[in-house]
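One structure is given here, and the rest of the page talks about it.
The values are calculated or read from the model by the stated rules, or taken from the named source; none is laboratory data. The structure displayed is predicted, hence computed values, not measured ones. Neighbour counts are summed over all protein chains in view; Cβ atoms, including those assigned to glycine, are modelled from backbone coordinates with ideal geometry. Note: areas computed on protein heavy atoms with side chains; ligands, DNA, RNA excluded. Shrake-Rupley method; radii C 1.70, N 1.55, O 1.52, S 1.80 Å.
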Amino acid sequence: MKQLIIAAALLASMAGSALAADSQAPSDDHPLLREIGQDVSADELHATIEHLVGFGTRHTLSDTTSDTRGIGAARRWVKARFEAIGAACGGCLKIETPTDLVSGDRIPKPTEIMDVLAIQTGTTDPNRVVVISGHLDSRVSDVMNATSDAPGANDDGSGVAEVIEAARVLSRHRYAATIVYAVLQGEEQNLYGGALLAKYATAQGWQVEADLNNDIDGNIHGLSGVIDNTHVRVFSEGTKATESPAQADRRRYNGGEVDSPSRQLARFMDGLADRYLTNMSVRMVYRTDRFSRGSDQVRMLEAGYPAVRVTEAVENYTRQHQDVRTEGGVAYGDVISGVDFPYLAQVTRLNAITLASLASAPPPPQEVKIEGAVSPDTKVSWAPSADAAGYRVWWRDTTDARWRYSRWAWHADSLTLKGVVIDDWFFGVSAVSGDGWESPVEFPGPAGAFFSPPPAPAKAP
Ligand SMILES: [Zn+2]
């Protein structure tokens, strides 16, 4: 009987939440996102990957002087594409090419690593940055082979094509925050381009809210025979790479092991896919990346920046990191016929609507706190954000993968949830603009903070 009464109280609090939302909340349906989705073109993605494959190899140690073959020609072509897209939007893109002279693991002699960035500066919050990235370099079976044909159509021609297509489509509109379209280099040699991007972001003093790193996004034929063109995997770290031992102690005790900002980005994308994409769902994977494998987002995480890895639902290892050949009747190699363009367009849509949403919304609230031990209520508080018209306090069962219940708090910096016991739920807060754009949810304390104090310098790659 007692249990029934508690359940009734909870239902009542949920009904109250729905009523508040109906009477005060701005519409959270955004036609802009549907327009962006419709503008993404499989043909554009195909044309980009065809061009990239045409450079023969894009190995990090390959030729940089030829106009037709090697990483140098490929970098210059990407830069020219960004310039053309920038010209079409009246100069809305600033092109930057940070470089680093690198030697070390898999780079025997000092070699120039160059990222090609197109920066679309935000209208009202330009220092807050959301990034989409993919890597330009490619490889064959021997990671040091810089001369053999390494088409890299899917790894990571697919990611580069998505970055360029996102720039083409998103640059038709303006956003509060800055969007950075990042084509990285040196991933296959040891994530050098990701490290360079993190270093550049830190040097600029960017407040990085997200890096959506796209690597291997276009295959639908799994090696096991499974065909999947309706899911995309989003990998996110559970706890911050930059967490201090003292923070880890508190987090271990009070929870937060599945609530890093990286994880909130994955949830944010999952929700957008459910709402705005047809026949496409996010499969969240609670790992930083695939088992014992990685990509450039790892360097961003090490620098304290929230990041996720976006990748196809099923992989085909005969098409990754392989010399192009036929052996025992099996065709090996990362050739363009292994890329499914309608599927890649779906993954691109997910990226594009995520970037547009993040950049249109206010930043997630900062200094989120919860109080209420040995009380029947929980008080959730946060630092007010100049750009937010209101906030949404979220809670969920501690074993839930997604935020479930919410209540609006307008023009406030705290909300007390009556009858919601602090011990039994996880809590978070999002910020909402006057026109209904909602940020990702931020979990309380250092474990969940999107914007950490300046991080320690990134580990040497
Ligand atoms: Zn890759």
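Summary table
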| quantity | calculated |
| --- | --- |
| Relative packing of 438-444, 394-400, 186-192, 317-323, which averages over residues the other C-beta atoms within 10 Å, highest first | 438-444, 186-192, 317-323, 394-400 |
| Euclidean distance of C-alpha centroids, the stretch 125-146 and the stretch 156-183, integer Å | 14 Å |
| Zone of ALA401's modelled label, taken as backbone nitrogen in the stretch 215-231 under 14 Å from a point 7 Å along Cα→Cβ | 231 |
| Charge dipole magnitude, Cβ of K and R +1, D and E -1 - the chain, Cα centre, debye nearest 20 | 700 debye |
| Amide H contacts of ARG283 (H built 1.01 Å from N, under 5 Å, at least 5 apart or other chain) | VAL232, ARG233, VAL234 |
| Ordering of 284-293, 349-358 by packing [mean C-beta count within 10 Å, highest first] | 349-358, 284-293 |
| Over the stretch 356-456 - Rg/Rh using Cα atoms and the Kirkwood inverse-distance radius | 0.96 |
| Apportionment of accessible area to carbon and sulfur, the chain, percent (1.4 Å) | 53 percent |
| Farthest positive-ward along the chain dipole, Cα basis, beta-carbon charges - from VAL129, ALA246, VAL324 | ALA246 |
| Whole-number percent relative contact order across the stretch 145-275, with pairs defined as alpha carbons under 8 Å at least 6 apart | 23 percent |
| For the stretch 284-319 and the stretch 387-450, distance of Cα centres in Å | 27 Å |
| Helical segments meeting 30 Å axial Cα length and Kyte-Doolittle 0.5 threshold in the chain (DSSP H) | 2-24 |
| Rg and Dmax [Cα atoms of the stretch 314-404; Å; Rg one decimal, Dmax integer] | 23.5, 69 |
| Over the chain, volume per residue of the alpha carbon convex hull, in Å³ | 144 Å³ |
| Spatially near lysine pairs across the chain, Cα under 17 Å, sequence gap of 8 or more or different chains | 6 |
| Normalised convex hull volume, the stretch 148-267, alpha-carbon set, Å³ per residue | 187 Å³ |
| Sequence ranges 303-311, 81-89, ranked by mean other-Cβ count within 10 angstrom, highest first | 303-311, 81-89 |
| Angstrom value of the Kirkwood radius, inverse mean 1/r, which spans all Cα pairs in the stretch 271-356 | 15.4 Å |
| The stretch 74-168, dipole about Cα centre (Lys/Arg Cβ +1, Asp/Glu Cβ -1), debye to the nearest 20 | 280 debye |
| Accessible area per residue, Å², the chain with all protein chains present, probe 1.4 Å | 40 Å² |
| Average projection area in nm² (convex hull over Cα atoms of the stretch 85-233, one quarter of hull surface) | 10.5 nm² |
| Of all DSSP beta bridges in the chain, antiparallel share, percent nearest 5 | 65 percent |
| Amide H contacts under 5 Å for GLY104, placed H, 5+ residues apart | none |
| Tail fraction, Cα-Cα pairs, the stretch 222-281, threshold 16 Å, whole percent | 58 percent |
